[in-house]
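Asks: Sharing a structure with you now.
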Amino acid sequence: PVPTVAIIGRPNVGKSTLVNRLIGRREAVVEDVPGVTRDRVSYEANWNGRRFMVQDTGGWEPDAKGLQQSVARQAEVAMRTADAIIVVVDATVGATSVDEAVAKVLRRSKTPVILVANKVDDDRVESEAAALWSMGLGQPYSVSATHGRGTGDLLDQLLEVL
Ligand code: GDP
Ligand code: MG
């Protein structure tokens, strides 16, 4: 069986952009408007000769409470069904209350969790990325999904836990 990594996080943090990076193709839909990704879509990927599935998540609830519940639910589903979880945070924004709520769910995950600090397009954002250690999910992996910065290291780490 091919292992699956689920990509979760609140809307607009760059999940679909990261999915495209990880699979090396532009198949996941990236939008400036949140909520365009269907609930769960899987794509085949290959890194260093190993095959795995990358599952993008979407869904969108208009109010903040609904959003928190929906992202927390994605985390619960991922903990039950995926072999690894990548939780994406926008480093330029920092950890929001929704991100903190998801982290609280993920801290009790038996499924390995990798924290990604996305939108680290240049060195100036590294300190914001490092601040995400406070989420209690281990080392934040700095990446720029749009530029590809850091994604090789992320893929190496992913294959360590997958
Ligand atoms: P999703 O809702 O989490 O799937 O986020 P998307 O992948 O659709 O991206 C939302 C917005 O963030 C789009 O305008 C992307 O171009 C932008 N974005 C994604 N990754 C990065 C990044 O690494 N750096 C910057 N500057 N923008 C990004
Ligand atoms: Mg998306």
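Asks: Sort through T96, T81 and tell me the only one that's out of contact with any Ser or Thr (no Cβ under 7 Å at 6 or more places or on another chain), in contact (Cβ under 8 Å) with a residue 24 or more places away in the chain and surrounded by 14 or more Cβ atoms within 10 Å (Cβ to Cβ).
Replies: T96
Asks: Follow-up question, since we're still on this one. List the pairs whose first member sits in region 1-20 and is over 21 Å from V98 (Cα atoms), whose second member is more than 8 Å from ligand 2 (Cβ to nearest atom) and of a type in the set (D, E, K, R), and whose Cβ atoms are under 6 Å apart, counting only residues at least 6 apart or on separate chains?
Replies: Within 6 Å, the pairs are V2/R51; P3/D83; T4/D83; N20/R26.
Asks: Here's another thing I want to ask about it. Mind counting the residues in region 2-30 that are more than 10 Å from the chain's Cα centre (by Cα) and either part of a loop (DSSP other than H, G, I, E, B) or farther than 15 Å from S142 by Cα (or both)?
Replies: Count: 14.
Asks: Restricting to region 9-29, name every residue that is closer than 9 Å to V89 by Cα and more than 10 Å from ligand 2 (Cβ to nearest atom).
Replies: R10
Asks: Among the residues of region 124-136, are any part of a loop (DSSP other than H, G, I, E, B), in contact (Cβ under 8 Å) with a residue 24 or more places away in the chain and buried (at least 20 other Cβ atoms within 10 Å of the Cβ)?
Replies: The answer is no; no qualifying residue exists.
Asks: Suppose we keep only residues that are away from ligand 2 (no atom under 16 Å from the Cβ), in a helix (DSSP H, G or I) and in contact (Cβ under 8 Å) with a residue 12 or more places away in the chain within region 40-74. Which one would you say is surrounded by the fewest Cβ atoms within 10 Å (Cβ to Cβ)?
Replies: A64
Asks: Okay, moving on. Residues to consider are D121, D153; find the one that is charged (D, E, K, R) and in contact with a His (Cβ under 7 Å, 6 or more places away or on another chain).
Replies: D121
Read-outs: derived from the displayed coordinates by stated rules, not from any lab. Since the model is a prediction, treat every value here as computed from it, not as a measurement. Every residue, glycine as well, gets a Cβ built from its backbone with ideal geometry; the counts of neighbours run over all protein chains shown.
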